[in-house]
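Shown next, in C-alpha cells, is the structure this report addresses.
The values are calculated or read from the model by the stated rules, or taken from the named source; none is laboratory data. Source: prediction; values computed, not measured. FYI the Cβ positions are ideal-geometry reconstructions off the backbone, even for glycines, and counts take in every protein chain you see. The protein model used for the area step is the full one, side chains on, heavy atoms only, and it has no ligands, DNA or RNA in it. Shrake-Rupley method; radii C 1.70, N 1.55, O 1.52, S 1.80 Å.
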Amino acid sequence: MAYRDFRDFLKTLENEGQLLNINEEVMPEPDLGSAARAISNLGDKTPALLFNRINGYHNARIAMNVIGSWPNHALMMGLPKNTPLKEQFFEFAKRYGQFPVPVQREETAPFQEVEITDDINLFDILPLFRLNQSDGGFYIDKAVVVSCDVEDPDHFGKQNVGIYRLQVKGKDRLGIQPVPQHDIAIHLRQAEERGENLKVAIALGNEPVITTVAATPLLYDQSEYEMAGAIQGEPYKIVKAKDTDLDLPWGAEVVLEGEIIAGEREFEGPFGEFTGHYSGGRSMPIIKINRVCHRKNPIFEYLYLGMPWTEIDYMMGLNTCVPLYQQLKEAFPNEIVAVNAMYTHGLLAIISTKSRYGGFAKAVGMRALTTPHGLGYCKMVIVVDEDVDPFNLPQVMWALSTKMHAKHDAVIIPDLSVLPLDPGSEPAGITHKMILDATTPTAPETRGHYSQPLDSPLETEKWEKILKVMLNK
Amino acid sequence: MKTCPRCESKKTETVSQSPVKGAWEVYLCPVCMFTWRSSEPESITNPEKYNKAFKVDPQDIPHAAKVPPVPEKRA
C-alpha cells in the first residue's frame, strides 16, 4: 500500500494515535525547535507534532517528528505500529530486494496550484525558523533535492534524490551542503568542470517513503524513485519539473526550482548536526531559486536533529543498515546474518556473521569499510557471532566484554576517508578507523577458553512461552 | 538599521515582516549571512549577549575552507 501524499500519511498517524495537534499559539523560536527536541527525549514511541497556530502567521502549519519513532517508522512501511524493530529491518531488507519497481508518470500535480516566478521571497513564502540556538540562520532540512548526471542526463538511475541541509540566505538564495561522499557532489563537479550551473528541483512536504529512500545510501546508479516503489510495494508517482527535465515526487506540498551557481562558494552555517555537534563556518555552494510552486495552504515539514536520538536517527536508521547488509551479503551470502548501523548514520556499525575460519570476521569488517557508505562512515565496526543479535546492545556488550582480546582483535587502519562532519576527523574528512572482532576465535585460531559456552536449562523455551501467556493475562 | 548580533556588521537588511502585522521582522546580514527574527531571545538578537564561541570575525570569512573545492574547468 502507498500513501498518496504527506497529508494522507498525517491522517494515518492521527488515526493511529501517533500525531499530536498543538493548537495553542507557539513562537517560531524557541518553541518549535524546543518542542521537537523535547518529544525525542520522551522515548522511542513518540507521535508526530502538528503545530496549527504559529505567532505572526495567519494559517501556517508545521509538522515535525513525522518519522521520529519506531511506530511511525513502521507506519511509513504500512506495517502495524507495534512491529518490533528487528522485524522492521528484515521487512525493509525484503522489500529492498524487490528493486527496481518502475515509476508511474503523471502530467499534473497538486503542487502546481500556486506558482511564483517574480519577486520570489522565500522568507515570506515559507514559515522559516531557527532550530538550534547557534544555527547561523533558518534551514530547510527535510526537503528532497533532485539533480541529474550532467554527462549522462538521460540515465534515470543516475538522477539523484537526496536530502541536504539548505540554509535560506536571501530572498531567492539557498546555501547547500554537498558532502563529497554524496551523489549530488558528483553532479556538481561535472557541471563546474564545464563551467555550467547545476539545475536542481527541491520538494518539501513529501509522503515518508521518498524521504526515507532519499536518506538511504543507494548505489550511484540506483533510482530513488524505483526504490521508493519497492519499499511501498507499488509504482512511485512522479511528475516533471517545469524548468528542467527533472522528476519530482507527485505529492509534494512545495517545490522550488533553481540552479547551483558554478564556481561560487559562500560562508555557511554553523548548523547543529546529527553528530550532536555544530558544523559550519565553511564556504559552500549556493542555489538561485527561479520558480516556486505550492499547494494552497501548504503544510510544511521540518525535522529536529541534534544530540542523538532525534527524528533523523529514526529516519536514517534501518535504511542505513539494509544497504550495508545487502552489499555485505553480495560478498558473503552464506555468512552475514544482520547489520545494525543505526548509530550516527553508521559511523558505528555492528555486524552479525558466521565465521568460516580464523580471520574471517576481520575480513567482513574490512568489506564494510569499502562499501560505498563505508567510505564516508563506519569509523568503528564491531563484528559479532551469528547468535548475537546486533540490535540487542546488552548482547553486543557481552560479546565485546568476553570474546575480544585487544592484542588480536582491535584492528586500526590509518587515514581513511570519512564525512567531514565527523567532529573527530583531522583534517576534516580523514580519520583512522577501527574494527573490533568480538567473534569467537575459529580454527586455525585456537586462543582463549571458549569450548564450554553456557547453554540454557533444557525447558527454558517452554517456560518462556508459559510465562509470556501468564504475563499477558 | 540593525547591527548583526554575530559579526557586528552594520549592513543588515530586513527581509521579511510578519504576515500578521507587528509580530516580528526578519533580518539578514550580507556579510556573515546570519539571519534572525526580532522576537528571538536577547541571547540571539543582542550583539553583546550573543554566544562568544559562535561570534564571527568578518576578516576570517574569505579564508573559510571551500566545501567542496571548486574544480578546474576542463579545456
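For the range A:343-352, the set of residues classified as touching a Leu at 6+ places or on another chain (Cβ under 9 Å) and under 16 Å from A:MET397 (Cα atoms) consists of A:ALA349, A:ILE350, A:ILE351, listed by residue number.
Rundown of residues vs (1) open to solvent by 40 Å² or more (accessible area, probe 1.4 Å); (2) farther than 30 Å from A:GLN88 by Cβ; (3) within 14 Å of another protein chain (Cβ to nearest Cβ), yes/no style:
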| site | (1), (2), (3) |
| --- | --- |
| A:GLU193 | no, yes, yes |
| A:ALA215 | no, no, no |
| A:GLU234 | yes, no, no |
| A:PHE271 | no, no, yes |
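Looking at the range A:1-95, the strands (runs of 3 or more DSSP E) lying wholly inside it that each contain 1 or more residues that are closer than 20 Å to A:PHE138 by Cα and β-branched (Val, Ile, Thr) sit at A:61-64. If the condition is being closer than 19 Å to A:ALA201 by Cα, open to solvent by 10 Å² or more (accessible area, probe 1.4 Å) and not in a strand (DSSP E or B), then the range A:273-291 contributes no residue at all. If you filter the range B:19-37 down to residues that are outside any loop (DSSP other than H, G, I, E, B) and more than 8 Å from chain A (Cβ to nearest Cβ), you find that the one that is nearest to the chain's Cα centre (by Cα) is B:TYR27. Among the residues making up the range A:258-269, those that are touching a strand residue (DSSP E or B) at 6+ places or on another chain (Cβ under 9 Å) and surrounded by fewer than 23 Cβ atoms within 10 Å (Cβ to Cβ) are A:GLU259, A:ILE261, A:ALA262, A:GLU264, A:ARG265, A:GLU266. Being at the interface with chain A (Cβ under 9 Å from one of its Cβ atoms), outside any loop (DSSP other than H, G, I, E, B) and farther than 18 Å from A:ASN55 by Cα is a description that does not apply to B:SER16. Checking A:TYR96, A:TYR139 one by one, the residue that is within 14 Å of chain B (Cβ to nearest Cβ), touching a residue at least 40 places away in the same chain (Cβ under 8 Å) and either out of contact with any Pro (no Cβ under 6 Å at 6 or more places or on another chain) or crowded, with 22+ Cβ neighbours inside 10 Å (or both) is A:TYR139 and no other. Please specify each residue of the range A:35-63 satisfying the condition of being open to solvent by less than 60 Å² (accessible area, probe 1.4 Å) and within 14 Å of chain B (Cβ to nearest Cβ). Matches in the range A:35-63: A:ILE54, A:ASN55, A:GLY56, A:TYR57, A:ALA60. The set of residues in the range B:38-75 being at the interface with chain A (Cβ under 8 Å from one of its Cβ atoms), touching a residue at least 24 places away in the same chain (Cβ under 8 Å) and in a helix (DSSP H, G or I) consists of B:ILE44, B:PHE54, B:ILE61. Checked against the criteria, A:LEU324 counts as outside any strand (DSSP E or B) and either without any contact (Cβ under 8 Å) to a residue 24 or more places away in the chain or in contact with a Cys (Cβ under 9 Å, 6 or more places away or on another chain) (or both). The residue that is surrounded by the most Cβ atoms within 10 Å (Cβ to Cβ), counting only those in the range B:3-58 that are basic (Lys, Arg), touching a Ser or Thr at 6+ places or on another chain (Cβ under 9 Å) and over 16 Å from A:ASN121 (Cβ atoms), is B:LYS49. The set of residues in the range A:394-419 that are in contact with a strand residue (DSSP E or B) (Cβ under 9 Å, 6 or more places away or on another chain) and open to solvent by less than 20 Å² (accessible area, probe 1.4 Å) comprises A:VAL396, A:ALA399, A:ASP409, A:VAL418. Selection over the range A:292-321 of residues that are in contact with a strand residue (DSSP E or B) (Cβ under 8 Å, 6 or more places away or on another chain), in contact (Cβ under 8 Å) with a residue 60 or more places away in the chain and crowded, with 18+ Cβ neighbours inside 10 Å gives a count of 18.
Among what's in the range A:255-266 and is touching a residue at least 60 places away in the same chain (Cβ under 8 Å) and within 14 Å of chain B (Cβ to nearest Cβ), pick the residue that is nearest to B:PRO58 (Cα to Cα). Within the range A:255-266, the match that is nearest to B:PRO58 (Cα to Cα) is A:GLU266.
Of everything in the range A:171-187 that is within 7 Å of another protein chain (Cβ to nearest Cβ) and in contact (Cβ under 8 Å) with a residue 24 or more places away in the chain, the residue that is farthest from the chain's Cα centre (by Cα) is A:LYS171.
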